[in-house]
């Protein structure tokens, strides 16, 4: 499973305007500019760049070197409060209590293969987050993942070609496989490349239990269905967590 094959077209086929909702929510929950923020699974860095405007310093990390390379290409010359690194969010290299704000958005945790890996990520977040710091993340709800991606197909066009996105759902595992096929124009022909990505999500109580298991306090965890301060509805697509240490 790799984003490498689509890293160079990721921004072209993604709904970048939707990132503003994550920015607005994060600013609402973290009104004081973080001194040092960490953005997990930053991809090509679009959210990181937006959020860095409200931070004194920010590091964006991603497991895929191709995605980090695309993010680094956007950095200007000279000093910047923003940097990017290739890192595994389940095994971070940062020292304890390094950051006062950590984000992991756009269902990135759902790409981890199992709940043990999710808890491993939470353990690392707890370790590198300073007391009083805030951890924000979102995941798909199980009902939405199974319903929305069942026999899903979409075609996106970009400057030099097309992306065909097809998804198949495993109802028993509550897991979806995304098969992505890219056709890029080269002269009078197209070059074809493929990659497959898997996402999996869990009951709300499983995420809460994993957070508690690594040391977070239930009284300092809030869940916002689709960014709203309300009860989950039958059509809720995301659980957005705000966790204070």
- Task: Being surrounded by fewer than 21 Cβ atoms within 10 Å (Cβ to Cβ) and in contact (Cβ under 8 Å) with a residue 60 or more places away in the chain narrows it down to one of 35, 73, so name that one.
- Result: 35
- Going through the range 158-169 in order, the residues found to be touching a strand residue (DSSP E or B) at 6+ places or on another chain (Cβ under 8 Å) and in contact (Cβ under 8 Å) with a residue 24 or more places away in the chain are 160, 161, 163, 169
- Message: Can you confirm whether residue 139 is assigned to a strand (DSSP E or B) and either modelled with pLDDT of 90 or more or in the same structural domain as residue 20 (by TED's automatic domain parsing) (or both)?
- Response: yes
- With respect to residue 121, determine if the residue is in contact (Cβ under 8 Å) with a residue 60 or more places away in the chain and within 18 Å of residue 221 (Cβ to Cβ). yes
- Message: Name the residue that is surrounded by the fewest Cβ atoms within 10 Å (Cβ to Cβ), counting only residues in the range 154-183 that are at pLDDT below 90 and part of a loop (DSSP other than H, G, I, E, B).
- Response: 159
- Query: Across the range 86-119, what is the number of residues that are outside any loop (DSSP other than H, G, I, E, B) and either within 15 Å of the chain's Cα centre (by Cα) or closer than 22 Å to residue 240 by Cβ (or both)?
  - Reply: 15
- Message: Return the residues of the range 216-232 that are surrounded by 12 or more Cβ atoms within 10 Å (Cβ to Cβ) and farther than 13 Å from residue 140 by Cα; say none if nothing qualifies.
- Response: 216, 220, 221, 222, 228
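Residue-by-condition table, conditions (1) free of Cβ contacts under 8 Å to residues at least 24 places away in the same chain; (2) closer than 19 Å to residue 105 by Cβ; (3) in contact with a helix residue (DSSP H, G or I) (Cβ under 8 Å, 6 or more places away or on another chain):
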residue: 130; (1), (2), (3): no, no, no
residue: 134; (1), (2), (3): no, yes, yes
residue: 171; (1), (2), (3): no, no, yes
residue: 179; (1), (2), (3): yes, no, no
residue: 233; (1), (2), (3): yes, no, no
- Item | residue 231 vs. criteria assigned to a loop (DSSP other than H, G, I, E, B) and on the phi < 0 side of the Ramachandran plot | yes
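The values are calculated or read from the model by the stated rules, or taken from the named source; none is laboratory data. For clarity, every value in this text was computed on a predicted model and none was experimentally measured. Ideal geometry is used to build each Cβ from the backbone, glycine not excepted, and the neighbour counts take in all protein chains shown.
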